[in-house]
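A.B. asks: The structure is given below, and queries will be raised subsequently.
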Amino acid sequence: MADYAQLNALFYPKSIAVIGASTKPRTCGNDIMKNLLDTFKGGPVYPVHPTAAEILGVKAYPTVNDIPGDVDLAILVVPAKIVLTTAQQCGEKGVKALVCISAGFKEASHEGAELEIQLRNKVRELGMVLVGPNCLGIMNAEDDAKMNATFAAKTAKSGTLAFVSQSGALCTSVLDFAEQRDMGFSKFVSFGNKSDINEVDLLTYLADDDKTKVIAMYLEDITDGAKFQQIASKIFFEKNKPILVLKSGRSAAGAKAVSSHTGSLAGNDAVYQALLMQSGVQRVDSIVELFDYADLYCNQPLPKGNRLAIITNAGGPGIMATDAAERFGLTLANISEATKDKCRDQLPAAASLRNPVDVIGDAKSDRYAVATKTILSDPEVDMGLVILTPQSMTDIDNVGTMIPEAIQEMNIPVITSFMGAAMVEQGVKNLRAKNVPNYSFPEDAIRALGAAYRLSEQKKQTDREIPVFENVDKERCAKLIADALGDKDSQYLTQAECRELFACYGLPLLKSANVTSAEEAAEVVGKWGTTVVMKVMSADVKHKFDAGGVLLNINGADGAKAGYEQIYANIAKNVPGAKIDSILIEEMAPKGVEVIIGCNRDEKFGPLMMFGLGGTMVEVLKDVQFRLAPMSRYWAENMIRSIRSFAVLDGFRGTPKSDLKAVEDIILRLSAMAVNHPEIAELDINPLIVHPVGQGASVADSRIQLKKVK
C-alpha cells in the first residue's frame, strides 16, 4: 500500500512532466498539457516529445531524462507498447508518481493484462506509485494548489467533496453536472484499471486530507474487502467524513446459483451491499442521488433527529413533501403553540401554521423570513425544508438571499426547493453561494434529508466490536472438518454430522439419535416416549422435505418402524440411486417461528451470512438480509430487524414476541464458526425454530458443504 508521502507527490507535485505531450490540438497529450499550463502554479511543466522543439510555447525534451530539473509527477500519454520503457526512464530520473492515461491494457486483451502486471511490478520495483492505466487523470481542485492533470474539458471548482471513479468517461459528465449545481471538489481522481493505486489507497489518503469533508466514489469492484471496511469505518466513525458510493452491477446477471438456499439467494451484489453497509458507507443508485446527498453533507450539519418542518407558499408541493417524508422515514414536527403565536401577528390570517406551514401564494421575502426564523428555531424541529413556487409577486432573488441569513445561527440542516428553472435561477444561485442546497422538486429534497437522518442514526452506532465466545471448541471442530473431508476436495455433511460441528460452537440442538434400521428406530422412539421427527441422512438428497425424506409427528415404536420404511420408499422413488447413510430421529421442537440462517463463502470477501424467514418458501418470498462475517452485535441485530416481515418475529396479532437475543447469539456464533473454519463453503440452518422471549431457539434442520482450502 502506498504511503501518504507518495500520494502527496500525486496531488502536490513541485514539477510535472507530460510524456507524450502533443503538438496537435484536441488530442489527449495536447489537452493535458494545456490544462496543466492553465491551472498548475506549483512549479514547471515539462512537455516530453521525441522531435518537437516546443509545445504550447514551452520547451520540449526528447525523454524525461533530458529534463534539466527534478520531476515529481509524470503523466504518461504514450502507446501501451512503450509504457514499460517509459516507466523505467521515470524511475531512473527519480520521478515519485505516475499517472498513466494510456489504454491497451487488461481492458483490451489478455496480452494487455500481462503488460499491466509487468507495469505494476516495474513501478513498485522502482519505488514509484501509479494511477491507472486507462484513466482520465487526476485533479487537485484547491484554489491554492490547483492542478488539472486530465484531458477533461472542464476544471473542477474548489470545494470540500472528493470524487474518486473507476470510470474516466463518467468523470467528464460529473464535472459538467457539478458545474451546473455550482459544486466544488477537493480532489478529483479517475483511477482506471487500478493496477497499483486503488480505492483503499485513495480512501486512506483522503482520511487525513483536511480539505476533504465528504468522499464520493463510483466503483465497479473493490480490491480488498477487509481493508476497505477497516479504512472506510475509520473515516466515517472516527474522522466524521461521510462516504457515498455508486456501485454498479446490481443486476441478477452477476449472481451465481448454487445448491444451498443461501447460495441461490446471494448474488454478487449482496456481498457488496453488505460490505458497504458494514463499512459505514451510504450507497446510492444514481449520480443525481449521489450529488443530492453530497450537496447536503458538504454544506449542512447532519440532523439530530427525524422531525421535519416544511415551509411553503403552495399547498400542493407541501402535500407532496409530506407524502415523501413518510416514505423516507421522517415525521412532521409538532410546532409548539408558543412558536405559532410568534408568527400569528406577522403572517396573514389565511396562512396555515400547521406543519406544513403555508405562507400562501402572495408571500414575499418578509413573510418567508418570519416563518423561516421562527418555525425552524422551534426546539421540536430537527430539519427544515423551504419550498418556493414562482408567483408573479414573489421576490425570488430576495428570498434566496434571506434564507441563508435567517438560518446561520441554527444547528440543523435546512435546504430548499425553489421549483422551476429560469424564473428561480438567480434565487438558487444566491442560495448556493451561501451553502444552502436547492432541489428542483420537494421529493428529491426530502429524500436527501431522509438519507441524512439515516446517516446520523448510523453514526450513533457504538457496539462495533466483534464478539469473542469463550465456550467454543475450535480445535475439535477443525478435526471433525478435516476427518470429514479426508482426501476429498469437497463433502456435504448430513444433519447428523452438522450437529457435531454445531455442538462445538454451542448452538441449541434438539435431543436426537442416528439409526440404521427400522428395529433400532422403534427401540429409540419407544424408549423416549415423545413425539419425534424422522429425517433421511444422505448427501445425495439436497432438499429432504421435497423428496419425502422428512416425516413429522411420529409416535411410538410402531410409528417409528413404519416411518423408517416409508422414508426409504420415498427416497427410492424421488431420488433414485441416492445413498442413505442413516435416519436421524429428533424430538419435535416446541412451537415457534421458522427462520433460516445461512452462510455462503465469497471467493473474494469471505463468509456472507444470511437471515430471513425460513421453511420451504424462503426462495419464493426472498425476504432475506445479508451481512459479511465477522460482524458485531449491532449488525446481527440490524440483520434480523431489516427483513420486511420482521413483525412476524416481533409479536404479530397477539402472537408472543420471539427470542431475538437467542437468534442474534446463534448468528454471531455461526459467524465466528465460518471465519475460523474456511473449509465451510456453504451452510444452511433451515428452519431454526425461534421460541418466545426467554425460551431460546432450536436447530431443526441443517446442511453444510465443506471444500478443501487450496
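The values are calculated or read from the model by the stated rules, or taken from the named source; none is laboratory data. All values reported here derive from a predicted model rather than from experimental measurement. Cβ coordinates were reconstructed from backbone atoms using ideal geometry, including for glycine residues, and neighbour counts include every protein chain displayed. For accessibility, only protein heavy atoms count, side chains too; no ligands or nucleic acids. Shrake-Rupley method; radii C 1.70, N 1.55, O 1.52, S 1.80 Å.
A.B. asks: Within the stretch 523-546, can you find the residues that are open to solvent by 20 Å² or more (accessible area, probe 1.4 Å) and free of Cβ contacts under 8 Å to residues at least 60 places away in the same chain?
C.D. replies: The answer is E523, G526, K527, W528, G529, T530, T531, A539, D540, H543.
A.B. asks: Working only within the stretch 500-518, note down all residues that are more than 15 Å from V536 (Cβ to Cβ) and open to solvent by 20 Å² or more (accessible area, probe 1.4 Å).
C.D. replies: E500, A503, G506, P508, L509, K511 - these are the residues of the stretch 500-518 that are more than 15 Å from V536 (Cβ to Cβ) and open to solvent by 20 Å² or more (accessible area, probe 1.4 Å).
A.B. asks: Go through (1) under 15 Å from K707 (Cα atoms); (2) more than 35 Å from the chain's Cα centre (by Cα) one by one and return the number of the condition A496 breaks.
C.D. replies: Here A496 meets the rest and fails (1).
A.B. asks: Look through K59, K93 and report the one residue that is among the basic types (K, R), more than 27 Å from Q166 (Cβ to Cβ) and surrounded by 14 or more Cβ atoms within 10 Å (Cβ to Cβ).
C.D. replies: Only one candidate qualifies: K93.
A.B. asks: Looking only at the stretch 9-31, how many residues end up being under 25 Å from L203 (Cα atoms) and surrounded by 16 or more Cβ atoms within 10 Å (Cβ to Cβ)?
C.D. replies: 6
A.B. asks: Consider V424 carefully, then state whether it is open to solvent by less than 10 Å² (accessible area, probe 1.4 Å), outside any helix (DSSP H, G or I), over 30 Å from A629 (Cβ atoms) and at pLDDT 95 or above.
C.D. replies: No, not satisfied.
A.B. asks: Same structure again: Among the listed residues G43, G57, identify the single one that is at positive phi, modelled with pLDDT of 95 or more and touching an Asp or Glu at 6+ places or on another chain (Cβ under 9 Å).
C.D. replies: Result: G43 is the single residue among G43, G57 that is at positive phi, modelled with pLDDT of 95 or more and touching an Asp or Glu at 6+ places or on another chain (Cβ under 9 Å).
A.B. asks: Of these, E594, E603, E587, which one is within 18 Å of D684 (Cβ to Cβ) and of a type in the set (D, E, K, R)?
C.D. replies: So the residue among E594, E603, E587 that is within 18 Å of D684 (Cβ to Cβ) and of a type in the set (D, E, K, R) is E594.
A.B. asks: Further question: Please work out which residue is modelled with the lowest pLDDT, limiting yourself to the stretch 235-248 and to residues that are surrounded by fewer than 22 Cβ atoms within 10 Å (Cβ to Cβ) and more than 19 Å from R627 (Cβ to Cβ).
C.D. replies: Top of the filtered list is S248.
A.B. asks: Tell me which of these L455 doesn't satisfy, since it passes every other one: (1) closer than 20 Å to N313 by Cα; (2) at pLDDT 95 or above.
C.D. replies: Every condition holds for L455 apart from (1).
A.B. asks: Another question about this same structure. Which of the residues that make up the stretch 276-299 are open to solvent by less than 20 Å² (accessible area, probe 1.4 Å), more than 23 Å from I231 (Cα to Cα) and not in a helix (DSSP H, G or I)?
C.D. replies: none
A.B. asks: Here's a follow-up. Somewhere in the stretch 438-455, is a residue surrounded by 20 or more Cβ atoms within 10 Å (Cβ to Cβ), hydroxyl-bearing (S, T, Y) and farther than 24 Å from A547 by Cα?
C.D. replies: Taking every residue of the stretch 438-455 in turn, at least one turns out to be surrounded by 20 or more Cβ atoms within 10 Å (Cβ to Cβ), hydroxyl-bearing (S, T, Y) and farther than 24 Å from A547 by Cα.
A.B. asks: Kindly indicate which of Q273, Q300, Q282 is closer than 30 Å to V624 by Cβ and touching a Pro at 6+ places or on another chain (Cβ under 8 Å).
C.D. replies: Q282
Listed here are the residues, each with its yes/no results for (1) at pLDDT 95 or above; (2) open to solvent by less than 10 Å² (accessible area, probe 1.4 Å); (3) within 30 Å of S490 (Cα to Cα); (4) over 17 Å from the mean Cα position of the chain (by Cα).
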| position | (1), (2), (3), (4) |
| --- | --- |
| I215 | yes, yes, no, no |
| E220 | no, no, no, no |
| T223 | no, no, yes, no |
| K256 | no, no, yes, yes |
| H261 | no, no, yes, yes |
| G267 | no, no, yes, no |
| V271 | no, yes, yes, no |
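A.B. asks: Among the candidates D463, D483, which residue alone is farther than 30 Å from I243 by Cα and of a type in the set (D, E, K, R)?
C.D. replies: D483
A.B. asks: Sort out which residues of the stretch 688-707 are assigned to a strand (DSSP E or B) and either touching a Leu at 6+ places or on another chain (Cβ under 8 Å) or open to solvent by 10 Å² or more (accessible area, probe 1.4 Å) (or both), and write them in order of number.
C.D. replies: Correct list: I689, V690, P692, A697, S698, V699, S702, R703, I704, Q705, L706, K707.
A.B. asks: In the stretch 506-547, how many residues are in contact with a Gly (Cβ under 7 Å, 6 or more places away or on another chain) and among the basic types (K, R)?
C.D. replies: Count: 1.
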